[in-house]
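The values are calculated or read from the model by the stated rules, or taken from the named source; none is laboratory data. All values derive from a computational prediction rather than experimental measurement. When we count neighbours, we look across all protein chains shown, and the Cβ atoms used for this are built from the backbone with ideal geometry, even at glycine. Ligands, DNA and RNA are stripped out before the accessible areas are found, and what is left, the full protein with its side chains, is counted by its heavy atoms. Shrake-Rupley method; radii C 1.70, N 1.55, O 1.52, S 1.80 Å.
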Amino acid sequence: MIVDVTTKAQTDNGDQTVDLGEQTWDKAILNGYVPEGATVTIRGYRADASVTVAEACTESNMAYEWTSEKLQGGMVENLEIDSAKFTPEKMTSDTKLYFVETTRDALGRTVSTGECGDPDEILHVEGGDGVIAWTGGDASPALWVGGAALLGLFGAAAVYMIRRRATA
């Protein structure tokens, strides 16, 4: 059986955060004896940050599932297996992605399984609120200034029209 499997959630930017539209995947590193025909399955779960770890990795929160091709059996050292990349759907910035690895032999028996909540298997979502940033600070002053400018323009046009009629 496999002696040791370590995993690490991956992102395009190389850190533990997922920016809106960024791809993510999981990497499993196998060391030890791999049974002939074994497969590695990676499941990704999406949950609100306020959800406990026990509640996060449930079928209702599953957002992603990938299974490797059948592996060649034998002793391996640092055999890296990357899951397929995926782009999480639009999420709020208080969301976490949890990855869990399960390795099974050719008969479907579980050889190794990860634990939901492993710090290396959690990604934090950043900028997922879908709100376009207002670079000028608070919107209220901009609305007041814009409204005052528009009001001044209408006032100037009215004065011009009144003077023009008076001279005609």
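Considering amide H positions built from the backbone, and no H for Pro or chain starts, which residues 5 or more places from VAL34, or on another chain, come under 5 Å of its amide H?
GLY74, MET75, VAL76
Taking 7 Å along the Cα-to-C-beta vector as the label spot, tell me the SER60-ILE162 distance in nanometres, rounded to one decimal.
Those two pseudo-labels are separated by 6.6 nm.
Rounded, prolate or oblate: which fits segment 58-121 when a ≥ b ≥ c are the square roots of the eigenvalues of the alpha-carbon gyration tensor, with rounded for a/c under 1.5 and prolate only if a/b beats b/c?
prolate
What are the ³J(HN,Hα) couplings of segment 62-72, residue after residue, when phi is run through the Karplus curve with 6.51, -1.76, 1.60 and θ = phi - 60°? Round to Hz, x for glycine and proline.
Coupling constants for segment 62-72: 5, 10, 7, 8, 9, 10, 6, 5, 5, 8, 6 Hz.
Between beta-carbons, use under 15 Å as the cut-off and find the net charge around ALA157, counting Lys and Arg +1, Asp and Glu -1.
+3
Less than 10 Å Cβ to Cβ from ILE81, Lys/Arg counted +1 and Asp/Glu -1: what total charge do the surrounding residues give?
Charge balance in the 10 Å sphere: -4.
Please list the non-local residues whose amide H lies under 5 Å from the amide H of ASP19, H modeled 1.01 Å from N, same-chain partners needing a gap of 5 or more.
GLU126
Provide the per-residue ³J(HN,Hα) series for segment 22-38, in order, calculated from phi with Karplus coefficients 6.51, -1.76, 1.60 and θ = phi - 60°, each as a whole number of Hz, with x at glycine and proline positions.
Computed from phi, the couplings for segment 22-38 are 7, 7, 9, 6, 10, 10, 10, 10, 9, 9, x, 8, 9, x, 4, x, 5 Hz.
Expressed as a whole number of Å, what is the distance separating the alpha-carbon centroids of segment 82-115 and segment 1-68?
Here the two parts' Cα centres lie 3 Å apart.
Would you kindly find the accessible area of LYS8, with a 1.4 Å probe and non-protein molecules such as ligands, DNA and RNA excluded, rounding to the nearest 10 Å²?
Estimated to the nearest 10 Å², LYS8 gives 80 Å².
Tell me, what is the FRET efficiency for ALA106 and ASN31 to the nearest 0.05, using R0 = 25 angstrom and their Cβ-Cβ distance as r?
0.80
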